[in-house]
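Taken together, the values in this text are just the output of simple stated rules run on the coordinates, not laboratory data. Predicted model only: the values in this text are computed from it and were never measured. In this analysis, Cβ positions are derived from the backbone assuming ideal geometry, glycine residues included, and neighbour counts consider all displayed protein chains.
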Amino acid sequence: MNRRRRSKMPAVIAVCAAVCVVLAAGAFLFLSHRRGSSKGIALEPLSQYSAEQVPCYRQKDPLWGKDKLGDSSYTMSGSGCLTTCIAAALTAQHPAVEPLTPGELNRLFSEAGVYNASGDIVWGKIKDALPETEVLVASGVNNREIDQVLAEGKYPAVRVKVHGRGAWHWVLIAGTDENGYLCMDPLNGDEKLIPFSDHGGVAYSMRTVSWKTGE
C-alpha cells in the first residue's frame, strides 16, 4: 500500500503545481487590468489644435480636494485626477456655458453611483449622472484616434506614468503647440498647460467623455 501511495505523489505534485501556475497567471492578469497595460504608445500630433478653451483644474483644489469619491475612502485630492480631467473636457467643449467644476462633477458622480468601492469610475454608469453625454472607452490609444477626437472639438483623457516612470495618472490632452501635445495635468499646481512630454510622451489608454453633438 505504501508503494502505491508513493507512486501517486509525483502526479499529485504536478497537479498542484499546474493549479498554482493558473492562479498566478490569473492574479497577474487581474493586477495588469487594475494597473494598466505595461506597453505604452509614444504620441506625436498629426495636426495642430488650439488648447485655449481648456481650463486648468486642480484635483487638490481646497474647494473639493477633501471630497470623497462616492462611498469609497478615496478623495479628490488623492485619486480624483480622472474626474478632474472629465470636468475640464466637458467645460472646454462648451466654454460659453457655466463651467462644470471637478467638485460639482464628483457630486453628480457620487449621487449616481458612478464610483465603485475602490473609487474607480464605472464607465457604464456615467450616463446615469450625465445622460446627455457620450462615453468612449477606447480599446487602445494611437495618434490617429487622439487627433480625430481633437478635430471633433472633444478632449481625450489619457493614462500616463508620472514623469514617464512614476505612478499611474490621468491627464487631459488639450491641444498642441510647436513642440507637440499640451495637456491639462490635475496635479500641476501652476494652473497652466504643460507639455505632454513632461510625462514621457507615452500614453497607456484613452477615455473620452463629451457632450452629445448638438447639445
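Placing +1 on the Cβ of each Lys and Arg and -1 on the Cβ of each Asp and Glu in the range 77-215, which of I121, I86, N188 has its Cα farthest towards the positive end of the resulting dipole?
I121
State log₁₀ I(q)/I(0) for the range 171-210 at q = 0.28 Å⁻¹ as given by the Debye formula over alpha-carbon point scatterers of equal weight, solvent excluded.
These q points yield log10 I(q)/I(0) values of -1.07.
Which far-off residues, 5 or more places away or on another chain, put their amide H under 5 Å from the one on D177, with H placed in the peptide plane?
Amide H neighbours of D177: L182.
Which value in nm describes the separation of the simple spin-label points at V97 and K39, placed 7 Å from the Cα toward the beta carbon?
Distance between label points: 3.8 nm.
Taking the Cα centre as origin and putting +1 on Lys and Arg beta-carbons and -1 on Asp and Glu beta-carbons, what dipole magnitude results for the range 41-211, to the nearest 20 debye?
I would put it at about 520 debye.
The range 85-180: which trypsin sites (Lys or Arg not before Pro) are DSSP loop and have at most 10 other beta-carbon atoms within 10 angstrom?
R165
In this model, which of K39/K127; K161/K212; K125/K212; K127/K154; K66/K125 are farther than 28 Å apart at the alpha-carbon?
Pairs exceeding 28 Å: K39/K127; K161/K212.
List, in order, the whole-Hz ³J(HN,Hα) value for each residue of the range 165-181 obtained from phi through the Karplus relation with A = 6.51, B = -1.76, C = 1.60 and θ = phi - 60°; use x for Gly and Pro.
Result, rounded to whole Hz: 8, x, 6, 5, 7, 10, 10, 10, 6, 9, x, 9, 9, 5, 9, x, 6.
Rg and Dmax of the range 41-211, using alpha carbons, in Å: what are they?
14.7, 43
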